[in-house]
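Structure record follows, encoded as C-alpha cells.
The values are calculated or read from the model by the stated rules, or taken from the named source; none is laboratory data. None of these values were measured; they are calculated from a predicted model. Methodologically, a virtual Cβ is constructed for each residue, glycine included, from the backbone with ideal geometry; neighbour enumeration extends over all protein chains shown. For the accessible areas, the whole protein counts, side chains as well, though only heavy atoms, and no ligand, DNA or RNA atoms are used. Shrake-Rupley method; radii C 1.70, N 1.55, O 1.52, S 1.80 Å.
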Amino acid sequence: QREGMASRLFHRLGATRLALDLTRPGAPAGPVEPVTETLAGGRLPMLRVVGQVGQTYIVAEGPGGLYLIDQHAAHERITYEALRAQRAVRAVASQELLDPLPIDVSPQQAALLEARLDDLAAFGLELAPFGGLTYVVRRIPASLVGGDIAAALLELLDAVQRGGADLPWEDQALISLSCHGAVRAGQTLSTDEMRDLVRQLERCELPHTCPHGRPTIVHLSQERLER
C-alpha cells in the first residue's frame with residue numbers, strides 16, 4: 001500500500017512544472033529575479049544527497065539550501081581533472097580491449113592518426129593501422145570503459161583538424177576523453193553512485209563548471225526556497 005501511495009505521489013509530482021510561475025494572479029508586481037543561483041568560485045561544501053530528478057540531476061542539500069547537480073557535467077569535470085593529473089605524471093590508467101575495435105577514418109584523419117599515435121598512447125589510447133583507412137583500437141583509458149570510444153576518437157581528430165586555435169591539442173584530447181567517458185543524462189544512478197560522484201566533485205579544484213565551461217551545479221538558497 002505504501003509503495004502504491006509513493007507511486008501515485010511520484011506521478012503527481014512529475015506532472016507539475018519545475019519552474020515557479022511568479023506571473024500568475026496574486027504574484028508580486030514588478031520585475032522578477034531568477035529563481036536559481038549559479039554558484040561560482042571556491043570548493044563545494046559537504047552535501048547530502050537527497051535523490052535524482054529526470055535521471056539527469058542529482059538533488060542534494062547543504063549549507064544554505066538546495067543544490068541541483070548535472071550528473072554528466074559533474075562527472076566530466078571529475079574525469080577531466082583525474083586524467084590531467086595522470087597525464088602530468090605519465091601514468092594514465094588504461095585497459096586493453098578483449099576485442100580490438102575497428103574504426104574507419106578519412107584520409108585526413110588517417111594522416112593525423114599516423115602522426116599522433118605516440119601522443120595518443122600517452123593518453124591511454126593505443127591504435128594500430130588495419131589496412132586502408134581502418135585503424136583498430138587496442139587499449140583505452142580506464143575512464144572511457146563503457147563510453148563511446150569511436151565518438152571520442154573522431155571528435156578528437158575533428159578538433160585537431162580544425163587547428164585547435166582556442167586550446168592546445170592535449171587539452172582537446174582531455175576534454176573529448178572526459179566527455180565521452182562520463183555518465184550520461186538519462187542514466188539511473190544508485191544512491192551510493194550519486195554519493196560517490198558528489199564526494200569526488202567536492203574534491204575537484206574547479207567543481208562549478210565542466211571542461212566546456214557549462215555549470216555543473218545550481219544553488220537554490222534557503223531564502224529562495226522560502227519565497
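The calculated P(r) of the stretch 142-227, using every Cα pair and 5 Å bins from 0, goes 3, 12, 16, 21, 18, 14, 7, 5, 3, 1, 0 in percent.
Residue 57 contributes an accessible area of around 90 Å² to the protein surface, as traced by a 1.4 Å probe with all chains present.
In terms of packing, defined here as the mean over residues of other Cβ atoms within 10 angstrom, the peptides 106-113, 141-148 line up highest first as 141-148, 106-113.
Which of rounded, prolate, oblate describes the stretch 78-176, given a ≥ b ≥ c as roots of the alpha-carbon gyration tensor eigenvalues and a/c under 1.5 marking rounded, otherwise prolate only if a/b is larger than b/c? Please report the intermediate quantities before stating the final value.
Values: a/c = 1.82, a/b = 1.15, b/c = 1.58.
Oblate.
Restriction of the GluC sites (Glu not before Pro) in the stretch 93-136 to DSSP coil positions whose beta-carbon has at most 10 other beta-carbons within 10 angstrom yields no sites.
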